[in-house]
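Notes follow once the structure below has been shown.
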Amino acid sequence: MPAPAAVHQFVSSFVPRDAVSMHALGVRGLLRDLGFDSEIFVKESRAEMVRESRFYRSFDPTGPAVLVYQAATGSAMADFLGARREPLVVNYHNLTPPQFFAAWEPHTAVELDVGRRQIADLAPRADLAVAVSAFNESDLHGLGYDPARTTVAPVLIDPATLHREVDPATRDRLEADGGDGPAILFVGRLAPNKAQHDLVKALAALVEVYGGSPRLRLVGAPSSPRYQRALRGLVAARGLEANVELAGSVTDAEAGAHYATADVFCCLSDHEGFCVPLLEAMHHGVPIVAYAAGAIPETLAGAGLLLPEKDPATVAAALHRVATDASLRERLVVAGRRRLQDFALDRARARFAEALRPVLEGVPV
């Protein structure tokens with residue numbers, strides 16, 4: 001296999017403030033710095049991202065090239081890449097297991113099942129698979145990828161650039177609505193696997209056992225209308241309408257305001273392939289309480305209070321302790337800042353370049 005002159009990426013959905021899209025931009029910058037011609041080909045993109053991408057059906061290489069598929073969803077793009085002959089790298093960000101959506105959005109569950117089968121179908125075609133976590137690498141092995149052809153390299157998102165601006169109006173509003181208890185934050189799509197319902201249950205236990213008026217702020221657009229309606233119903237049934245804010249999709253600066261006014265970041269997801277918001281919390285000095293599921297223990301690596309169970313009483317006790325124990329809070333914040341250094345852009349770029357080295361040098365993996 002001749003050494004490639006170009007390394008092009010393929011991203012199904014290319015949108016702002018999306019971890020996979022931001023990672024693709026970081027990879028493109030790395031590849032160009034290494035001397036390769038590199039473009040991002042997409043199935044769909046938001047208007048503000050159009051200048052950074054090209055439609056994937058327009059791909060027409062003029063010389064040796066390696067293709068990198070940023071795999072995070074089912075897409076006709078996977079079939080397109082599977083039919084081509086260029087060397088292929090699958091950069092795997094994980095697909096949510098279909099069972100999480102089966103009872104809520106059956107069509108989404110079907111799409112996820114198709115997407116996971118597409119990733120599996122690419123296994124014999126891929127020269128290399130790069131997972132963003134060891135948890136994801138294990139998932140690849142379960143999908144039929146040869147362990148000798150997989151490796152792990154983190155996302156290329158510079159922690160120093162996360163939410164550099166804080167929207168003052170949002171910050172002032174959140175501070176004015178602080179209540180007399182901790183402000184608890186979670187950032188992520190409203191989705192069954194993200195388990196925001198467990199956060200609401202934990203909040204109810206926190207109010208019942210410790211009193212006060214804590215706030216739970218859930219930032220993220222819904223990926224299941226039925227789940228969103230059920231979540232609102234749960235909030236109402238527990239009498240927590242004044243305590244819970246479903247903020248929806250927000251700007252970077254608005255997200256920065258949510259982090260700036262949070263006392264605790266709490267993640268009770270049942271499935272995460274990496275969880276970039278954990279890095280955002282570390283960057284903003286927000287202590288973390290998290291349930292030990294999926295890639296969460298790996299991403300945290302000790303930089304948070306990790307729970308082996310997430311029954312409401314246990315979570316409430318953990319949230320109360322972090323909110324009231326100044327010494328523990330400081331230890332968690334320091335641990336988070338130390339862990340964040342492992343994802344510094346220069347380190348992540350070096351690790352990603354090393355992961356790609358066998359393919360970039362034209363040597364069979």
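The values are calculated or read from the model by the stated rules, or taken from the named source; none is laboratory data. Quick caveat, the model's predicted, so the values are computed rather than measured. Cβ atoms come from the backbone with ideal geometry, glycine included; neighbour counts cover every protein chain shown.
Considering only residues in the stretch 46-72 that are of a type in the set (Gly, Ala, Ser) and part of a strand (DSSP E or B), the one that is farthest from residue 5 (Cα to Cα) turns out to be 71.
The set of residues from the stretch 174-195 being within 17 Å of residue 242 (Cβ to Cβ), assigned to a helix (DSSP H, G or I) and in contact with a helix residue (DSSP H, G or I) (Cβ under 8 Å, 6 or more places away or on another chain) comprises just one member, 174.
Answer yes or no: is there a residue in the stretch 339-348 that is free of Cβ contacts under 8 Å to residues at least 24 places away in the same chain, of a type in the set (S, T, N, Q), loosely packed, with under 13 Cβ neighbours inside 10 Å and part of a helix (DSSP H, G or I). The answer is yes, given that some residue of the stretch 339-348 is free of Cβ contacts under 8 Å to residues at least 24 places away in the same chain, of a type in the set (S, T, N, Q), loosely packed, with under 13 Cβ neighbours inside 10 Å and part of a helix (DSSP H, G or I). Considered as a group, the residues in the stretch 122-137 that are of a type outside the set (A, V, I, L, M, F, W, C) and surrounded by 15 or more Cβ atoms within 10 Å (Cβ to Cβ) include one that is farthest from residue 276 (Cα to Cα), and that residue is 125. A Cβ distance below 7 Å, combined with a sequence gap of six or more or placement on separate chains, defines the contacts here; from the stretch 159-183, residues that are among the hydroxyl-bearing types (Ser, Thr, Tyr) reach residues that are surrounded by 12 or more Cβ atoms within 10 Å (Cβ to Cβ) and assigned to a helix (DSSP H, G or I) in the pairs 170/254; 170/257. Residues being within 22 Å of the chain's Cα centre (by Cα) and either in the same structural domain as residue 90 (by TED's automatic domain parsing) or without any contact (Cβ under 8 Å) to a residue 60 or more places away in the chain (or both) are represented in the stretch 319-333 by at least one member. When you check residue 79 against the structure, is it exposed (fewer than 15 other Cβ atoms within 10 Å of the Cβ), within 27 Å of residue 120 (Cβ to Cβ) and not basic (Lys, Arg), yes or no? For residue 79, the condition - exposed (fewer than 15 other Cβ atoms within 10 Å of the Cβ), within 27 Å of residue 120 (Cβ to Cβ) and not basic (Lys, Arg) - is met.
Against the list (1) at pLDDT 95 or above; (2) out of contact with any helix residue (DSSP H, G or I) (no Cβ under 8 Å at 6 or more places or on another chain); (3) not basic (Lys, Arg), the condition residue 76 fails is (1). Closer than 19 Å to residue 134 by Cβ, buried (at least 23 other Cβ atoms within 10 Å of the Cβ) and in the same structural domain as residue 189 (by TED's automatic domain parsing): does that describe residue 295? It is true that residue 295 is closer than 19 Å to residue 134 by Cβ, buried (at least 23 other Cβ atoms within 10 Å of the Cβ) and in the same structural domain as residue 189 (by TED's automatic domain parsing). Only one of the numbered conditions (1) exposed (fewer than 15 other Cβ atoms within 10 Å of the Cβ); (2) in contact with a strand residue (DSSP E or B) (Cβ under 6 Å, 6 or more places away or on another chain) is not met by residue 119, and that is (1). Do the conditions hold for residue 150, that is, is it on the phi < 0 side of the Ramachandran plot, touching a residue at least 24 places away in the same chain (Cβ under 8 Å) and buried (at least 16 other Cβ atoms within 10 Å of the Cβ)? Spelling it out, it is not the case that residue 150 is on the phi < 0 side of the Ramachandran plot, touching a residue at least 24 places away in the same chain (Cβ under 8 Å) and buried (at least 16 other Cβ atoms within 10 Å of the Cβ). Figure legend. Inter-residue proximity from the stretch 41-60: first residues farther than 9 Å from residue 11 by Cα, second residues surrounded by 17 or more Cβ atoms within 10 Å (Cβ to Cβ) and of a type in the set (Val, Ile, Thr), beta-carbon distance below 6 Å, spacing 6+ or different chains. Indicated pairs: 53/40; 53/42.
Inside the stretch 269-293, can you point out the residues that are in a loop (DSSP other than H, G, I, E, B) and farther than 20 Å from residue 18 by Cα? Selection gives 270, 285, 286, 287, 292, 293. Scanning the stretch 196-233 for residues that are in a loop (DSSP other than H, G, I, E, B) and surrounded by fewer than 23 Cβ atoms within 10 Å (Cβ to Cβ) yields 211, 212, 213, 220, 221, 223, 224. Is it the case, given these coordinates, that residue 168 is closer than 30 Å to residue 135 by Cα and in contact with a helix residue (DSSP H, G or I) (Cβ under 9 Å, 6 or more places away or on another chain)? No: the conditions fail for residue 168.
Contact annotation: residue pairs with Cβ atoms under 6 Å, 6 or more positions apart or on different chains, pairing a residue in the stretch 1-22 that is over 23 Å from residue 253 (Cβ atoms) and at pLDDT below 95 with a partner that is of a type in the set (Gly, Ala, Ser) and in a loop (DSSP other than H, G, I, E, B), are 1/362; 2/362; 3/362; 5/63; 12/75. Taking the stretch 247-257 as the range and being surrounded by fewer than 17 Cβ atoms within 10 Å (Cβ to Cβ) and either outside the structural domain of residue 187 (by TED's automatic domain parsing) or assigned to a strand (DSSP E or B) (or both) as the test, only 248 passes. Give the residue that is nearest to residue 192 (Cα to Cα), with candidates limited to residues of the stretch 234-246 that are not basic (Lys, Arg) and not in a helix (DSSP H, G or I). Restricting to residues being not basic (Lys, Arg) and not in a helix (DSSP H, G or I), the top hit is 246.
The condition of being of a type in the set (D, E, K, R), in contact with a Phe, Trp or Tyr (Cβ under 9 Å, 6 or more places away or on another chain) and modelled with pLDDT of 95 or more does not hold for residue 44.
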